[in-house]
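Colleague: Provided herewith is a single structure, encoded as structure tokens, for subsequent inquiry.
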């Protein structure tokens with residue numbers, strides 16, 4: 001009986017087991033095969049060579065592009081094909097800071113400078129021009145000194161008269177231009193002469209000239225000394241830093257394709273509201289320059305990044321590469337040949353700075369204006385005039401860049417004796 005009972009129990013148990021659904025075994029989890037490009041991503045990326053800024057590329061080239069003469073782009077974003085070098089010595093000029101290799105320009109600029117030097121000596125009694133920066137051999141952005149001067153139509157002329165002898169190469173590197181300022185707001189009457197006024201008037205009188213840039217204090221003095229013939233003043237515009245030289249800018253050659261002119265000036269001589277606004281900016285800049293740096297304060301905001309080669313007109317790549325001109329570039333993106341261009345000395349002294357007493361008076365004057373008090377009747381004509389000896393950082397980044405474009409005014413026609421057209425092309 002016991003055996004029979006056990007047999008029945010076994011039959012019942014086996015039947016229950018056989019009645020269950022047999023579940024398939026779970027497949028082990030598998031990792032999908034990595035796509036082909038995943039291996040590339042996993043691999044260590046090779047460092048991408050850094051692209052140097054355009055100023056280092058153009059600053060490293062020592063010879064002009066062997067192409068037809070052409071100003072390409074705008075004054076602050078362009079380049080120069082077929083540049084010609086102004087001879088370092090001429091009958092009425094000498095080129096300064098020869099190590100910079102910036103005495104290059106469009107033929108239109110060279111024709112103008114030779115004519116200006118000759119006329120200023122023969123007709124006005126100016127001893128001769130000391131020529132500062134023009135353009136690099138292929139134009140383009142510069143490592144130091146300027147944001148313009150890129151298309152071979154800009155030139156700096158020192159306000160220091162040329163000596164009556166040929167300067168040595170070393171003297172041209174070491175001699176400093178003379179500041180015309182007594183203080184941040186006024187020209188030094190002991191240095192400025194009527195010949196300086198005649199020189200700038202002569203420079204502005206030619207029809208090729210688009211702008212002449214000077215310090216606001218020099219513009220103010222020229223407004224006072226202009227006399228009845230004021231048409232030439234419309235081309236003379238204030239700009240930061242131009243207190244030991246003036247900056248000449250020519251218009252594009254007639255019919256030049258791809259050369260961008262500035263907006264033409266109008267009939268305003270610039271001696272009214274514009275000049276008064278510049279003096280407001282000068283006062284604010286003087287106070288800002290004397291403001292102490294607070295320990296732990298956030299650093300000042302950085303300016304725009306330097307121009308890359310891609311920021312310039314497409315033709316500038318051809319200009320740079322023409323004749324094997326592209327300089328060697330290190331793996332880290334530096335351009336060895338460009339380092340020499342950084343070593344040149346500034347042409348002139350730093351701008352003058354107010355002493356403590358004059359600065360305090362200026363701050364009180366500005367505070368009174370903010371509080372609602374009326375300014376002096378002729379605020380632009382009666383600035384604070386006490387000066388110390390320290391330098392003044394200007395609102396623009398140092399070195400002071402010239403404007404790519406400034407709103408201005410159109411000069412009327414100069415007299416026939418002054419506005420003599422120059423040839424567009426002249427053999428050199």
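Colleague: Going by average Cβ density within 10 Å per residue, which order do the peptides 231-242, 129-140 take, highest to lowest?
Modeller: In descending order of packing, they fall as 129-140, 231-242.
Colleague: Also: For the residue pair residue 98 and residue 298, what label-to-label distance in nm results when each label sits 7 Å from Cα along the Cα-to-beta-carbon direction?
Modeller: Taking the simple label geometry, residue 98 and residue 298 are separated by 5.0 nm.
Colleague: Pop the C-beta distance of residue 165 and residue 311 into the FRET formula with R0 = 35 Å and round what comes out to the nearest 0.05.
Modeller: 0.20
Colleague: Taking a ≥ b ≥ c as the square roots of the Cα gyration tensor eigenvalues, with a/c under 1.5 meaning rounded and otherwise prolate when a/b beats b/c, else oblate, which class fits the range 123-276?
Modeller: Oblate is the answer for the range 123-276, as a/c is 1.5 or above yet b/c matches or exceeds a/b.
Colleague: What is the extension gain from residue 189 to residue 280, computed as 0.36 nm multiplied by their sequence separation minus the C-alpha to C-alpha distance, in nm to one decimal?
Modeller: 30.5 nm
Colleague: Using the alpha-carbon centroid of each, what span in Å lies between the range 131-172 and the range 229-289?
Modeller: So the separation of the two Cα centres works out to 19 Å.
Colleague: Related question: Classify the range 209-331 from the C-alpha gyration tensor, please: rounded if a/c falls under 1.5, else prolate or oblate depending on whether a/b exceeds b/c.
Modeller: Oblate is the answer for the range 209-331, as a/c is 1.5 or above yet b/c matches or exceeds a/b.
Colleague: For Cα pairs less than 8 Å apart in space and 6+ apart in sequence, what is the mean separation divided by the residue count of the range 204-363, i.e. the relative contact order in percent?
Modeller: 21
Colleague: Quote the relative contact order of the range 87-225 in percent (integer), defining contacts as alpha-carbon pairs under 8 Å separated by 6+ residues.
Modeller: Once divided by the residue count of the range 87-225, the mean separation gives 22 percent.
Colleague: Each label point is 7 Å from the Cα along the Cα-to-Cβ direction; what then is the distance between the points at residue 62 and residue 365, in nm?
Modeller: Output for this residue pair reads 5.1 nm.
Just so you know, all these numbers are worked out from the coordinates, no wet-lab data involved. All values reported here derive from a predicted model rather than from experimental measurement. Every residue, glycine among them, receives a Cβ derived from its backbone with ideal geometry; neighbour counts consider all protein chains shown.
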